[in-house]
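The values are calculated or read from the model by the stated rules, or taken from the named source; none is laboratory data. Please read all numbers here as calculations on a predicted model, not as lab measurements. Quick reminder, even Gly has a Cβ in these numbers, built from the backbone with ideal geometry, and neighbours come from all protein chains shown. For the accessible areas, the whole protein counts, side chains as well, though only heavy atoms, and no ligand, DNA or RNA atoms are used. Shrake-Rupley method; radii C 1.70, N 1.55, O 1.52, S 1.80 Å.
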Amino acid sequence: MKPEAAKRLRLLASVLSVLVITALAAAGWFYQRLRASLPQLDGTAAIAGMGAAVTVQRDALGVPTIRGETRTDVARALGWLHGQDRFFQMDLLRRSPAGELAELFGKRALPRDRAARMHGFRKLAQRVVALLPPRDRTILDAYTAGVNAGLGALGARPFEYLVLRDTPQPWRAEDTILVIYAMTLDLQDETGRYEQTLMTLRDQLGAEGLAFFAPLQIPADAALDGSTAPLAPIPGPKVIDLRRKSTAARGSPFPGLLGGSKSGVVEGTRLARSPGADPFPFPARDPDAAIGSNAFALAGTHTASGAALLANDIHLDHGVPNIWYRASLEYPAHKITGVTLPGAPVIVAGSNGRVAWGFTNSCADTGDLVVVEINSVATSLYTAPGHEQLLKIESRQETIRISGSKPVEAVYPWTIWGPVVGTNERQRPLAHRWTAHDPVATNLGLLAMEEARDIADAVAVAHRAGMPAQNIVVADGTGAIAWTIAGLLPKRVGYDGRLPVAWTYGDRRWDGFLPAGEVPVVTTSTAGRIWSANQRHVGGPALAKIGDGSYARPNRAAQIRDDLAGLERATPRDLLAVQLDDRALFLAPWHKLLLATLTPAITAEKKDRATLRSAAEKWEGRASVDAVSYRLVREFRTAVYARVFPAVFASCLEAFPEFRWRDLHLEDAAWALLRERPPHLLNRQFSTWDNLLVAAADDAIRSIEEQGVTLPRASWGRRNAARIRHPFSHSFPWLSAWLDLPADPLPGDNDMPRVQSPSNGASERFVVSPGHEGEGIFHMPGGQSAHPLSPYFRAGHAAWVRGEPTPFLPGKPEHTLMLRP
């Protein structure tokens, strides 16, 4: 080798050696910092303000039992644990509704921040804190101090801030209220888009179209009071005729909303969370996800113990860490066990030994679109009751700080009723009146559930609780059960709230919120059973008080109801079996339709149709991971919907591109169309309904093949594989294998008790009987700790996947920590 070449090789080796050493040193430093940020599990720690020592014992899953002399000390200790185990999650939860994510993540988070800033939640949270009663404020202040003490006691800042090269900001009392608002945004319609969808349907297809395609009650309903209604007639060809040449939509709502308007009323405004908006730093919502939950109960007359039995699984988007943090709180004469939401000092769902409670999303109508009657000349002025002079539409300005860039200004038009979110077909602005914009609608009232002795106490607490309106199912140790709505509901005067109306003359309005005595309550149901699965729960005057916020299809609730009907002397394992029920009763008629469509003549035309029929013939009847026929039938139903409804709603989609036809109760309508096969509602691409169904079968074949799998091997588990990811997985893919949970094939789907999609499903699953917590069962998809080096990072995940019973109460202590004044 020539001397020059050898010299170059030695130089290259030296450079590579330096690079390797530097990389190893950096990796070593990062690992050292990572280990330093691990939560403390044993020993002692001092917390300023503690009245007396508090003991924290963790079991094999990392679930803490917190024992103290006062509720305030226990709150301070819980805050300390949250601050150590989950601070980055808490930071995202407070920043999301406040519109402050861009401060951490830069410009890419700006669209989400712009949407959130419209609500002014940080200022609103400050007003809520100021209104808290003294005891709740004391608990909140202790919790806040505990969070900051726990964060400060870490040997290094949480690893997420090392990656972002940022410093965590202290927790404030108002941040806990922002965490509640984060859940409100997740569970409710923040811009009235469902009501805009109903309005557009009414405007384009008239009252007949609204009654048929968006019924409030249907024959298959599974309400607690047994109420149902027949399906409205199919709209005739005078209402809609797809065989005629296509006509333009009747007017176009929202013509200038996204780009400003000549009037200046909505200039610079954007619809919040439009379907195409970047959800960063969070993953895009799974299009198959059905936001909702299950809660059901058996009275003591049907249980083995004689005490009532409650089951609850709250369905939310999955992530790392899991949304909930398990805890058992003990102070004199109290022991409360369940799940907490990091950022708040409250047991959200669980048992206090006398009463157990759980939630599902109520789908109550907590927001209305108000038609703003603007002046024909000065269009920034409008008429409002009680005001002799015209009012001016207010421009609220927000400054959004962005990491690495200059701040940007955002301006939002507001009326006395709420922000302007769109216009109607007459170009009148629509303001959104929403309970969440009222500071009295949010509080820490759920803390009082710790004192509840029976269902009467629990219902009273629910009616005082300030939270996004939820179905609450409660069970007590005497064997009694109840359902009601927790959170405030508007008291409407002069209209039902389903469609936008003007409030100009004061004859249509909100008269505050429903008094507790007017909120519907069911304390006895069919044979001592209560079921809640986001369906419509009541009819008649009770339904009128709750309104329509887009209820779930009733099939899941009906399956739970029927599962419960056969249970006597039930145990927690019996109710767990109901939670894990993945039988596909909903899709069984679609399986028959697919086979009827794939006749010998049709399958003879194309080989892959014969393959489809062969693979679909063996009907497993459940959404199990190895089920092939289930997946194929599901694809077929989806394809039929795609061939039928976009054509029917073409004028609606033209008038309002964000028309959400999938939010409508279309299953009964679909079967009515498939039975009666009206020519005027047949997609113009097809000459017969049979041709449409064959095309849908071909679409299903094509969809499966595009997913990279052959029909005989298209198992449901391949399609429904877990996608439980850390927020960093999107920005730092190289961290994904380290931070994300395994891509396990998962049983379950929508329209059955075991609700599951790849990134949405049971965020917790428990069964408990008050006074018999030792027999209870609990599951959670992720571990207690958000730290990837913690033994509790993935603890409990495997049992959740397999549905194996694990204890509701914390187990034998493995670590003991003493928190001292």
With +1 on the Cβ of every Lys and Arg and -1 on the Cβ of every Asp and Glu, the dipole magnitude of the range 366-486 about its Cα centre, in debye rounded to the nearest 20, is 500
If the chain between residue 375 and residue 31 were fully extended at 0.36 nm per residue, the gain over the current Cα-Cα distance would be 117.4 nm
One finds the C-alpha centres of the range 611-672 and the range 79-132 to be spaced, in Å, by 37
Taking a ≥ b ≥ c as the square roots of the eigenvalues of the Cα gyration tensor, with a/c under 1.5 meaning rounded and otherwise prolate when a/b exceeds b/c and oblate if not, the range 197-239 is oblate
Carbon plus sulfur, as percent of the 1.4 Å-probe accessible area of the range 473-515, comes to 51
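Using a 10 Å cut-off on Cβ atoms, rank the peptides 36-45, 341-350 from the highest mean neighbour count down. Please report the intermediate quantities before stating the final value.
Working: 36-45: 15.9, 341-350: 26.2.
Those peptides, ordered most packed to least, come out 341-350, 36-45.
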The alpha-carbon pair-distance distribution computed for the range 340-402, with 10 angstrom bins and whole-percent values, is 14, 21, 19, 19, 20, 6, 0
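Mind ordering 760-770, 183-193 by average Cβ neighbours within 10 Å, highest first? Present the calculation step by step, with values, prior to reporting the outcome.
Working: 760-770: 26.9, 183-193: 21.9.
Averaged packing, sorted descending, gives the order 760-770, 183-193.
Would you mind working out the accessible area per residue for the chain, using a 1.4 Å probe, and quoting it in Å²?
38
So how do 96, 687 rank on accessible area, 1.4 Å probe, biggest first, that is with the largest at the start?
Values: 96 10, 687 85 Å².
Largest to smallest exposure gives the sequence 687, 96.
Based on the alpha-carbon gyration tensor of the range 561-661 and its eigenvalue square roots a ≥ b ≥ c, which shape applies: rounded if a/c is under 1.5, prolate if not and a/b is larger than b/c, or oblate?
Here the range 561-661 falls in the oblate category.
Rounded to whole Å and sorted largest first, what semi-axes of the equivalent ellipsoid does the C-alpha gyration tensor of the range 672-725 yield via the square root of 5 times each eigenvalue? Mind dumping the intermediate values first?
Numbers: eigenvalues 200, 36, 18 Å².
With the √(5λ) rule applied to the range 672-725, the semi-axes are 32, 13, 10 Å.
In whole percent, how big is the carbon plus sulfur part of the accessible area of the range 517-566, probe 1.4 Å, protein atoms only? Display every interim value, and only then the final one.
Values: 880 of 1640 Å².
Exposed carbon and sulfur together represent 53 percent of the surface.
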Dipole check, the chain, charges on Cβ (K,R +1; D,E -1), about Cα centroid: among 296, 756, 444 the Cα furthest to the positive pole belongs to 756
Residues whose modelled amide H sits under 5 Å from the amide H of residue 308, counting only those 5 or more places away in sequence or on another chain, are 300, 476, 478, 479, 480
Any residue on another chain or 5+ positions along whose placed amide H is under 5 Å from the amide H of residue 756 is listed here as 749, 750
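Could you sort 539-548, 634-643, 470-479 so that the peptide with the highest average Cβ count within 10 Å comes first and the rest follow in order?
Values: 539-548: 17.5, 634-643: 20.7, 470-479: 26.5.
The most tightly packed comes first, giving 470-479, 634-643, 539-548.
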Helix-only [θ] at 222 nm, the chain, -39500 (n - 2.57) per DSSP H run of 4+, per residue, nearest 500, equals -10500 deg cm²/dmol
Amide H neighbours of residue 292 at under 5 Å, excluding residues fewer than 5 places away on the same chain, with H built from the backbone geometry, are 315
Whole-Å distance linking the alpha carbon centroid of the range 432-505 with that of the range 523-591 is 21
Row for the chain, column shape: gyration tensor on C-alpha, a ≥ b ≥ c, rounded if a/c < 1.5 i.e. under 1.5, prolate if a/b over b/c, else oblate; value rounded
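Take the solvent-accessible surface of the protein heavy atoms, probe 1.4 Å, and return the percent of it on the range 614-658 that carbon and sulfur atoms account for.
Numbers: 830 of 1580 Å².
Here carbon and sulfur together make up 53 percent of the probe-accessible area.
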Restricted to the chain, the DSSP antiparallel beta bridge percent, nearest 5, is 90
If every Lys and Arg gets +1 and every Asp and Glu gets -1 at its Cβ, then about the Cα centre the range 40-94 yields a dipole, in debye to the nearest 20, of 140
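Charges at C-beta only: +1 for Lys and Arg, -1 for Asp and Glu. How large is the resulting dipole of the range 460-599 about its Cα centre, in Debye rounded to 20? If you can, show how the numbers build up before the last one.
Details: 16 positive and 12 negative charges, 52 e Å.
In total the dipole reaches around 260 debye.
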